[in-house]
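If you scroll down you'll find the structure; I have some questions about it.
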Amino acid sequence: MTEDAELLAHYVERGGEPWNVSLEASWLDYELRAWVKPRLPVKWPVAACNIGIGVGLWDDWLGHELGASITSIDADPEVCRRFRLRQARERHPNPAIVRCFDASTGSLGVGRFDVITIVGSTLAEAVDRVALEARALAALATGGVLLIADVGNREPPPDADELRRLGEIWVAFRERRA
Ligand SMILES: C[S@@+](CC[C@H](N)C(=O)[O-])C[C@H]1O[C@@H](n2cnc3c(N)ncnc32)[C@H](O)[C@@H]1O
């Protein structure tokens, strides 16, 4: 399959997924962005990281919002490859630096990022969510912030700062400073 054919298949699959065009998905996008936006650092240059790319729309937004190339990490090599390809073809003004590894075991570095985000189903999917969070915290620079918006777990974490809910969908927000 050519890269163009692969990307077309990706867009078609993404657009045909009922969840992606649902009211709940739009609500969730709004809630995540509205909570994260005022918590983003205002310093320049800014070192930012997102863990868990998925289809990459969050990473697209974060790069636009910060006006910077963020570091995007995902454990799935196909996800990483397609995301790189899509951002390049869409000419994202600040394409992400894509790293492919399991962030609960691989090295995120120490004292490196001003902001790290973990949003959506990433934590729910992680095999070891405690290790993932610990590594993310250790990777923050002094004064840096870890922004977690946890979706899709059976039980909301007891230490959530804020909980929002639409029907069956809830999101638990946590903000942790280095
Ligand atoms: C379904 S996506 C959702 C994430 C995206 N931020 C969003 O809200 O659309 C979750 C992604 O997290 C990745 N992931 C799960 N555990 C991970 C880990 N320990 N390290 C890196 N990536 C992980 C999965 O490969 C998957 O691509």
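Read-outs: derived from the displayed coordinates by stated rules, not from any lab. These figures come from a predicted structure and were not determined experimentally. Note that we place each Cβ from the backbone using ideal geometry, even for glycine, and neighbour counts take in every protein chain shown.
Assuming a viscosity of 0.890 mPa s and a temperature of 25 °C, what translational diffusion coefficient in µm² per second does Stokes-Einstein assign to the chain, Rh being the Kirkwood radius over Cα pairs?
So the translational diffusion coefficient is about 147 µm²/s.
To the nearest 20 Debye, how big is the dipole of the chain about its Cα centre, given +1 on the beta carbon of each Lys and Arg and -1 on that of each Asp and Glu?
About 640 debye.
Another question about this same structure. Expressed as a rounded percentage, what relative contact order does the stretch 3-177 have, with Cα pairs under 8 Å and six or more residues apart?
17
Further, regarding this structure: Among 19, 170, which comes first, second and so on when ranked by fewest other beta-carbon atoms within 10 Å?
Fewest-to-most ranking of 19, 170: 19, 170.
Compare 167, 120, 67 in a GNM of the chain, Cα atoms joined below 10 Å, and give the one with the largest fluctuation.
167
Which cysteines in the chain lack any other cysteine whose Cβ sits under 4.7 Å from their own Cβ?
49
Per-residue counts of other Cβ atoms within 10 Å, averaged by peptide: what ranking do you get for 49-58, 140-149, highest first?
49-58, 140-149
Please report the antiparallel percentage of DSSP beta bridges with both residues in the chain, rounded to the nearest 5.
40
Where the centroid of each part is defined by its Cα atoms, how far is the stretch 129-177 from the stretch 98-128 in Å?
12
Work out which helices of the chain, taken as complete DSSP H runs, extend at least 15 Å along their axis over the Cα atoms and score a mean Kyte-Doolittle of -0.5 or more, then list them.
In the chain, the long hydrophobic H runs are 23-36.
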